[in-house]
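What follows is a short report on a single structure.
The values are calculated or read from the model by the stated rules, or taken from the named source; none is laboratory data. Everything numeric here is computed off the predicted structure, so don't read it as measured data. Cβ placement follows ideal geometry from the backbone for every residue including glycine, while neighbour counts extend to all protein chains displayed. For the accessible areas, the whole protein counts, side chains as well, though only heavy atoms, and no ligand, DNA or RNA atoms are used. Shrake-Rupley method; radii C 1.70, N 1.55, O 1.52, S 1.80 Å.
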Amino acid sequence: MENKICVISIGKFTLDDDYTFFENGKIEHFYDLNNWNQNKYETLKVSQISEQKKQKLLQNCPSQHIKIITKILNPSKSLQSLG
C-alpha cells in the first residue's frame with residue numbers, strides 16, 4: 001500500500017488542480033482543463049512539473065510536510081545539500 005503524505009490544491013475558482021504526494025515519490029495529478037472538460041487524472045514524474053508549478057505547490061504546502069515535499073520536488077538540491 002502506498003502511504004500518502006498530503007494533497008496540495010492549487011486550483012482556481014471551481015477548477016481542480018490537486019497534487020497528491022506519496023512517500024515512495026509518486027505524484028498523482030487530478031485536474032480540470034475547463035468547466036466542460038473535468039476530472040482528469042495522471043501520474044507525474046518530478047521532471048514533468050514546471051518550476052513555476054513547483055513554487056506554487058511549495059507555497060501551498062502544509063507546513064508539517066514542507067521538508068519532505070521539497071525533497072520530492074527538488075531531488076538534485078537535496079543531494080547537493082548532503083555533499
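So which residues in segment 40-53 are touching a residue at least 12 places away in the same chain (Cβ under 8 Å) and either farther than 19 Å from residue 4 by Cβ or part of a strand (DSSP E or B) (or both)? So that I can check it myself, show each step before the final result.
Going through segment 40-53, the residues touching a residue at least 12 places away in the same chain (Cβ under 8 Å) turn out to be 41-46, 49, 53.
Hits for segment 40-53 are 41, 42, 43, 44, 53.
Across segment 8-25, which residue is nearest to residue 70 (Cα to Cα) among those that are open to solvent by less than 50 Å² (accessible area, probe 1.4 Å) and not in a strand (DSSP E or B)?
Among those residues, the one meeting the criterion is 25.
Checking residue 31 against (1) modelled with pLDDT of 95 or more; (2) out of contact with any Gly (no Cβ under 8 Å at 6 or more places or on another chain); (3) not hydrophobic (A, V, I, L, M, F, W, C), which single condition isn't satisfied?
Against the list (1) modelled with pLDDT of 95 or more; (2) out of contact with any Gly (no Cβ under 8 Å at 6 or more places or on another chain); (3) not hydrophobic (A, V, I, L, M, F, W, C), residue 31 comes up short only on (2).
Answer yes or no as to whether residue 49 is out of contact with any Leu (no Cβ under 9 Å at 6 or more places or on another chain) and either at positive phi or of a type in the set (Val, Ile, Thr) (or both). Lay out the reasoning, then the answer.
Numbers: out of contact with any Leu (no Cβ under 9 Å at 6 or more places or on another chain): no; either at positive phi or of a type in the set (Val, Ile, Thr) (or both): yes.
For residue 49, the condition - out of contact with any Leu (no Cβ under 9 Å at 6 or more places or on another chain) and either at positive phi or of a type in the set (Val, Ile, Thr) (or both) - is not met.
If the requirement is being under 12 Å from the mean Cα position of the chain (by Cα) and assigned to a strand (DSSP E or B), which of these qualifies: 66, 72, 5? Quick ask: steps written out before the conclusion?
Working: 66 fails: assigned to a strand (DSSP E or B); 72 fails: assigned to a strand (DSSP E or B).
Criteria check complete, one pass: 5.
Can you tell me which residues in segment 40-54 are within 13 Å of residue 19 (Cα to Cα), of a type outside the set (Ser, Thr, Tyr) and open to solvent by 80 Å² or more (accessible area, probe 1.4 Å)?
Of everything in segment 40-54, those that are within 13 Å of residue 19 (Cα to Cα), of a type outside the set (Ser, Thr, Tyr) and open to solvent by 80 Å² or more (accessible area, probe 1.4 Å) turn out to be 45, 48.
Per-residue answers, yes or no, for (1) modelled with pLDDT under 95; (2) of a type in the set (Val, Ile, Thr):
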position	(1), (2)
2	yes, no
10	no, yes
42	no, no
56	no, no
61	no, no
